[in-house]
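Written out below as structure tokens is the structure these notes cover.
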Amino acid sequence: MKHQFFKATRFIHAWGGITIALLLLLSSITGTLLVWKNEFVLLSFPNVERSFTATPELFAGLASRVEGHFDNNEIAQITFPTEAFPLVKVSLSEARYAYLDLDGNILDLWVQNERWEEWLYDLHHRLLLDDLGLTIVGLAALAMSILVLVGLITFWPLRRGLRQGFWPKDMSRTRLLVSHRNLGVIEALPLLMTLITAAVLAFPDQAEYYLLEPFRGEDYSLDFSDNVDDISGGNSGDWLPAIQRAMVAFPDAEVRSAEVPNSFYSYRVIGLQQADELHPEGLSKIYIDATEGWMDLRIDSQNQHISERLYYTAYPLHTGRFNNLFYKVFLTLSGLLVSILSLLGIFSFIKKYTRKNREIITS
């Protein structure tokens, strides 16, 4: 019975693995490159100014410049420059985007996948198939998570094989399987982290419903009005005073993003990243009415339930977007190992298939 159980796990792991191995190979290669996406972007603008002092005046001026370039109804979000990425990124309607320099000059304006790194991102995230591709990637991530666990179960009775090392001594199927198994064990936890965060990013609505909603009580949003200031009138709703007030509300935070008022929305929304926050766009928010100047909401990400805070670590953990060089190197090495792992699995499966075909032909 025990023998049959492990035989079944090997069968599931082999056939399930080969089904999505090519997708995993594609995802690992593109994902490894995308860890360094911002560095690639900066290479395309070699003459851009990179040093600046993060002041409310700078951010207010950049926000005003963005509003001067585009209609407010077109602007979805402004992502402000950081030390690691000294460009302004503007997300616009109809899948359009723009990069601006520190003076607010437009460096590039493109639609969806017109820049190569955005095409690479779409390939990684959606397989160039829009929502269908996103669903495929999400389901594959969930399936692969199960296969990793099945692979660990399969490994247990063969654990002494670790003594044979991680690199195949020849291209025989036995050696390929040993290397695949041993590499898979040391890569299992990083790969599981990548797969689980990928599934969360692929199915954000479902993840929020099942992971967050159970912990959100009826008073969930009541705290959002705590500690707002009582300033209003005059020019208190303009960009500069709005950003200054946001920085007073969160004195140890850094301004990361902004949403502009438009025909349907009267707020200037300032996003700030607090010291213990991984998400690069800033999850702490200040809502200030652009006309009257009163502060309506103050969302403190650090006061949210632990489930909420963990949920929002999925993006930075998956992408490495929190300005930590060692973690980006870790993700790069992990991605390369997954690529090798996929290739070893594919080659060993092909060898088994071709061997069976030869046996059928010779018989």
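The values are calculated or read from the model by the stated rules, or taken from the named source; none is laboratory data. All values derive from a computational prediction rather than experimental measurement. Note that each Cβ is placed from the backbone with ideal geometry, even for glycine, and that neighbours are counted across all protein chains shown.
On the stretch given as the range 285-299, residues that are buried (at least 16 other Cβ atoms within 10 Å of the Cβ) and in a loop (DSSP other than H, G, I, E, B) total 3.
Of the strands (runs of 3 or more DSSP E) contained entirely in the range 56-122, those carrying at least 1 residues that are within 26 Å of P241 (Cβ to Cβ) and β-branched (V, I, T) fall at 75-79, 88-92. Out of A63, A14, A54, one residue alone is surrounded by 18 or more Cβ atoms within 10 Å (Cβ to Cβ), at negative phi and modelled with pLDDT of 95 or more. It is A63.
With a requirement of 1 or more residues that are farther than 30 Å from R216 by Cβ, β-branched (V, I, T) and at pLDDT below 95, the helices (runs of 4 or more DSSP H) lying completely within the range 304-363 that satisfy it span 325-362. Scan the range 66-89 for residues that are in contact (Cβ under 8 Å) with a residue 40 or more places away in the chain, closer than 15 Å to W239 by Cα and out of contact with any helix residue (DSSP H, G or I) (no Cβ under 8 Å at 6 or more places or on another chain) and the total you get is 5.
Scanning the range 262-284 for residues that are over 17 Å from I231 (Cβ atoms) and in a strand (DSSP E or B) turns up N262, Y265, G271, L272, Q273, S284. Does T19 meet the test of being over 21 Å from the mean Cα position of the chain (by Cα), under 30 Å from F347 (Cβ atoms) and part of a helix (DSSP H, G or I)? Yes: the conditions hold for T19. Would you call S257 surrounded by 21 or more Cβ atoms within 10 Å (Cβ to Cβ) and at pLDDT below 95? In short, no. When residues in the range 173-214 are screened for being under 23 Å from the mean Cα position of the chain (by Cα) and either hydroxyl-bearing (S, T, Y) or not in a helix (DSSP H, G or I) (or both), 6 of them pass. Of all the listed residues (A258, A275), the sole one being touching a residue at least 40 places away in the same chain (Cβ under 8 Å) and among the small types (G, A, S) is A258. Taking the range 215-261 as the range and being among the β-branched types (V, I, T) and either over 26 Å from the mean Cα position of the chain (by Cα) or in a helix (DSSP H, G or I) (or both) as the test, the residues that pass are V228, I231, I243, V248. Against the list (1) surrounded by 12 or more Cβ atoms within 10 Å (Cβ to Cβ); (2) out of contact with any helix residue (DSSP H, G or I) (no Cβ under 9 Å at 6 or more places or on another chain), the condition S221 fails is (1).
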